[in-house]
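The values are calculated or read from the model by the stated rules, or taken from the named source; none is laboratory data. Treat the numbers as computed from the prediction; the structure is a model and nothing was measured. Every residue, glycine among them, receives a Cβ derived from its backbone with ideal geometry; neighbour counts consider all protein chains shown. When the accessible area is computed, the model is the full protein with side chains, heavy atoms only, and any ligands, DNA or RNA have been set aside. Shrake-Rupley method; radii C 1.70, N 1.55, O 1.52, S 1.80 Å.
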Amino acid sequence: MPVLDRGLPIDDRWTDLADDQDMPADGAVIVSLERWRADRDALTARRDAIGVRLKSNQLATEISSDLGSLSLVALEFPKFRDGRAFSAARELRERFDYKGEIRAFGHIIPDQYLFLTRVGVDTVVVPADRVGPAWAHALKEISVAFQPALGREEGTSLLRRHLKGTVPA
Amino acid sequence: MPDTHSPALRSNQPADAHAAVYRYDEFDKTFIFERVEQFRAQVERRIKGEITEEEFKPIRLMNGLYLQLHAYMLRVAVPYGMLSSTQVRRLARIARVYDKGYGHFTTRQNIQFNWPKLEDVPAILHELAEVDMHAIQTSGNCIRNVTTDQFCGAAADELVDPRVYAEILRQWSTLHPEFTYLPRKFKIAITGSPNDRAAVQVHDIGLIAKKDEVTGRVGFTVYVGGGQGRTPYLAVKARDFVPVEEIIGYLEAILRVYNQLGRRDNIYKARIKITVNEMGPAKFLGLIEEEYARLPRQKFHVDPAIVDAIQTHFAAPPWADLPAVSESFEAAKQADPAFARWTRTNLTAHKTQGYAIATISLKPIGGIPGDAESSQLETVADLADLYSFGEVRVTHEQNLVLAHVRQDDLYALWQALDKAGLGTANAGLISDIIACPGLDYCALANTRAIPVAQRIAERFADLDRQHDLGELKIKISGCINACGHHHVGHIGILGVDKKGEEFFQILLGGDAGTNAALGEIVGPGFDYDGIIDAVEVVVNTFVKLRQPGEIFIKTLARTGHAPFKEALYARA
């Protein structure tokens, strides 16, 4: 499925592996948390980049001690209304200082895209028939942010005029 | 023009120059018009069929647009209940041009328009944006409009004016990237008075602002996990004192714990009150403290200098130096008993000598609780300009307030209100009823609520009788979602559907005030005709049992429910 970065499709190097799929000989793979735990040694022995998928009920703490080994964490939205991954992303960045890629997948609507970027998500996976200008547009519709978060637009944050502190780089 | 004491009117400033509303700066304005254009595009996509109703639903809800039984309903935010007269006139215009000529004030200090057309909504939002208003987050599973004491900044009993903090919370919660898809809606109430008029203990988060007597520092007692609905809970105290500088960080911690651990499998178990009580308050509060201890608190630090800057929006109006006693006011009370009666219920003590706080009843006998016609709104706006610095407040009991009226002006004010059908002397009395929209509008309702309120008010129409009964709060919900606050009515009424027929249960002993309490169901329900008689039986029982000067809730506390139960059910 197409992967969007800053609203536009990108060439994606990752293979999203289901639990019953065989491990390819090489190349970056994303696996479930369960498979990561079961096949950790085999995965790290491959020397290719590793990503782990978290379901929406799996908190960032489930993966926090492994983050040094992971180039990507993918967060699932089983329904767009299930907003747990917003907190998971923010915790990965803010609490665990994770610098790798954070990817959102599942049922996501363009109207959530700006929020996702503001909690530290880099890329979103979108069904092919849903790719369109709405995604890039969604990032530009609102130029003002009222609270400190993690987005690129924090310089314009309104309440940041009222709230002291620094935004992590 | 009538005589006015308005300093603004006399000096050619806008009449509402001193109204204590947050006035948008260029960034706020940029934001609000961008938001209108965003929604305009979304509506166009919906009308063209490019997005489904299911996908449009959360978008419209975040902009206050519900689909009701018969039509769309637009709920407009009135931040912490404060309005300027300019804003009130704009609401009147919107009601007239885009709706059926009236609006409905809600228990969350907002206003609803019941009949807008979808294609008109972007234009309505644009008209609101022109007067620094919006409908953002009046619905949806997000942080809703922050509510507060309708007498803030004026009440004699207030310790801290909560409005500047309510505004900081409004800004912080607006389009919050992490907390806009919560398990369920989230309501914060804040008061700065020891006499709680904001019902903070039945909110997801309740804040009581107070000042440390030694250091002079302002902070908040934080309550969490209160709520009404199907499963009512009073909130538990999370912390006795969180200083202002730390309050945003502390709330971030609460919301993050809730967003991650709140239930999402069952809409009826998704509010934070359920999380707190299923987990146990001690454990939940422990998680909050852990989260707060580790989050980057400095990032959320509220700078006192900036609190001061926002405070300027809520500066006290230029009150005059007045004698404590107004001779004309005293004379008018002597001369006109109807006015004297109104002053007994609809005035509250002001902190400044010579002034009073006036409650404008939106509960005329037989009327729809909380409804106001466009012409009435315009009258209120005019009177606010003349007598109260161009400022109007909305109360959670669905009335309006002019907070700074000279005692000298009260008689003229009341006469003008009375002429407009707004002078009913019933604030806090049995006909000052909170009622949800019920089956007349709402898709969730099981029963009617408005007609029940109307018929109770008609039964007790005699104002002398109402005044004799004293303070008595009736609250009516047309289903167990409790939008009519029946859990905290002195007499609560809950409509239930029994095999296709409306039945009404009576609850006794609820209280939304400082001694917050949840009412208890007294027994089997009554049918649509029987409920009015049943209320009268309860009231007559109270009259028989009361001691001189005792109000209903005190008598009930003294006697218990048994005599009321007996009176209600023995006759069957």
task = Compute the Cα gyration tensor for the range B:154-313, then decide on rounded, prolate or oblate, letting a ≥ b ≥ c be the square roots of its eigenvalues: rounded whenever a/c is under 1.5, prolate when a/b is larger than b/c in the other cases, and oblate in all that remain.
result = prolate
task = Taking all protein chains together and a probe of 1.4 Å, list A:87, A:143 from the most accessible to the least accessible.
result = A:143, A:87
message = If I compute solvent accessible area with a 1.4 Å probe over the protein chains, what percent of it on the range A:3-141 is carbon and sulfur?
response = 47
request  = Using label points projected 7 Å from each Cα along Cα→Cβ, tell me how many nm separate residue B:213 and residue B:443, to one decimal.
outcome  = 5.3
ask   = With every protein chain present, what accessible area does residue B:245 have (1.4 Å probe, heavy atoms only), rounded to the nearest 10 Å²?
value = 40
task = Kindly report, to the nearest 10 Å², the accessible surface of residue A:103 as traced by a 1.4 Å probe over protein heavy atoms only.
result = 10
query = Measuring from centroid to centroid over Cα atoms, what is the spacing of the range A:93-139 and the range A:14-50 in Å?
reply = 23
For a label point 7 Å along the Cα-to-beta-carbon line of residue A:143, residues of the range B:111-138 with backbone N under 12 Å = none
note = Largest-first ranking of B:47, B:456 by accessible area, probe 1.4 Å, whole protein assembly kept, is B:47, B:456
note = Residues hit by the 50 Å² burial cutoff in the range B:1-41, accessible area with a 1.4 Å probe, assembly against chain on its own, are B:27, B:31, B:34, B:38
ask   = What average number of partner chain Cβ atoms lie no more than 10 Å from the Cβ of the residues making up B:176-187?
value = 6
